[in-house]
Amino acid sequence: MDWKTEKDKLQAMTLRQKVGYLTTYYRWPALFLTAALLLVLYLGDVVHQSTRTFVLQGFVANDDEQLFDEKLVTTEFSAYLGLGKNEAVVFDDSLYVNLESADHYIEASMAKIYAYMATKELDLLIGPEFVVDHYLSALPMRDFTSLQDPNNRALFSALEPHLHTSLSFDGVEGLYKLDLQFTRFKGKTPLFMVIPKTSPHPAMVLAFLEFAQMKK
């Protein structure tokens, strides 16, 4: 290919003609390069993530009042923990659940929550009561009393008045739901927390609850 000829040809065209010409003659090379670039970026992210240790992963759904600023909470909680360079806290506050909707975004949000619980990667789920009730009725959750730490009785004393009795997915009564109105995430629409029974970092969940009680 004579690049000088191509350059001269393009310079003589209007913008609309240039777009049409490039789209017609360079579509596949452009698509190939774009796909290759995305693949390189993806692989780079996979390699980068593999060097990090996730100490806590949490999801926040239907936060209509934007009580949970993911970036701010992640930064402040990471500082509170004193995390090392390769340690990370992950929160996702972009999820939305509507049990009566088949919207693709809503379906994707629900699928993501189910997937992370099923793969034992999710430490906590926060959302309005109907959201946490939905997952409480479908998947095994941890009774908050199982998190009691004899060395930190003050924390459980603070949590106890805000725990709600409910039934697990297999019909066992317990204290599975925590009303977060006594924390920094207080709003007009109460947010609740549930903890998957397979939460890989229960000690960090307790640390997050300690942090959540602190004023902003």
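The values are calculated or read from the model by the stated rules, or taken from the named source; none is laboratory data. These numbers were taken from a predicted model, which means no experiment stands behind them. Methodologically, a virtual Cβ is constructed for each residue, glycine included, from the backbone with ideal geometry; neighbour enumeration extends over all protein chains shown. Only protein heavy atoms, including side chains, enter the accessible area calculation; ligands, DNA and RNA are left aside. Shrake-Rupley method; radii C 1.70, N 1.55, O 1.52, S 1.80 Å.
What does the charge count near Phe156 come to, summing +1 for each Lys or Arg and -1 for each Asp or Glu among other residues with Cβ under 13 Å from its Cβ? Provide the component values of the computation, followed by the final result.
Numbers: positive: Arg153; negative: Asp143, Asp149, Glu160, Glu210.
Residues near Phe156 contribute -3 overall.
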Exercise. Order the following by accessible area, largest value first: Thr24, Thr189. Probe radius 1.4 Å; ligands, DNA and RNA are ignored.
Key: Thr24, Thr189
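Mind ranking Thr145, Thr75 by accessible surface for me, highest first, 1.4 Å probe?
Numbers: Thr145 55, Thr75 95 Å².
Of Thr145, Thr75, the descending order of accessible area is Thr75, Thr145.
Order the following by accessible area, largest value first: Arg16, Arg184. Probe radius 1.4 Å; ligands, DNA and RNA are ignored.
Working: Arg16 205, Arg184 30 Å².
The ranking, largest first, comes out as Arg16, Arg184.
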Practice problem: Once you have a ≥ b ≥ c as the square roots of the Cα gyration tensor eigenvalues for the range 162-201, tell me rounded if a/c is under 1.5, and otherwise prolate or oblate according to whether a/b is larger than b/c. | Solution: oblate
Quiz item: In what sequence, highest mean first, do 135-142, 122-129, 151-158 appear when ranked by Cβ atoms within 10 angstrom?
Solution: 122-129, 135-142, 151-158
Exercise. Take the solvent-accessible surface of the protein heavy atoms, probe 1.4 Å, and return the percent of it on the range 136-216 that carbon and sulfur atoms account for.
Key: 53 percent
Quiz item: Label points 7 Å out from Cα along the Cβ direction at Ala102 and Thr189: separation in nm?
Solution: 2.4 nm
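What is the packing order of peptides 96-108, 61-73, taking the mean over residues of other C-beta atoms within 10 Å and listing the highest first?
Values: 96-108: 12.2, 61-73: 15.8.
Highest mean packing first, the order is 61-73, 96-108.
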Quiz item: Too long at a 26 Å Cα-Cα cut-off: which of Lys71/Lys186; Lys85/Lys177; Lys120/Lys177; Lys112/Lys197; Lys120/Lys186?
Solution: Lys85/Lys177; Lys120/Lys186
Self-check item: Amide H contacts under 5 Å for Ser94, placed H, 5+ residues apart
Solution: Val60
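Need one word for the range 82-183: rounded, prolate or oblate. Basis is the Cα gyration tensor (sqrt eigenvalues a ≥ b ≥ c); a/c below 1.5 gives rounded, then a/b vs b/c decides. Intermediate values should be presented prior to the final figure.
Working: a/c = 1.92, a/b = 1.25, b/c = 1.54.
Judged from the Cα gyration tensor, the range 82-183 comes out oblate (a/c at least 1.5, b/c at or above a/b).
Under the 0.36 nm per residue contour assumption, what length would be gained going from the current alpha-carbon distance of Ser146 and Thr165 to full extension?
5.4 nm
Given R₀ = 30 Å, what would the calculated FRET efficiency be for Lys71 paired with Arg16, taking r from the Cβ atoms and rounding to 0.05?
Details: r = 41 Å, r/R0 = 1.37.
The computed FRET efficiency comes out at 0.15.
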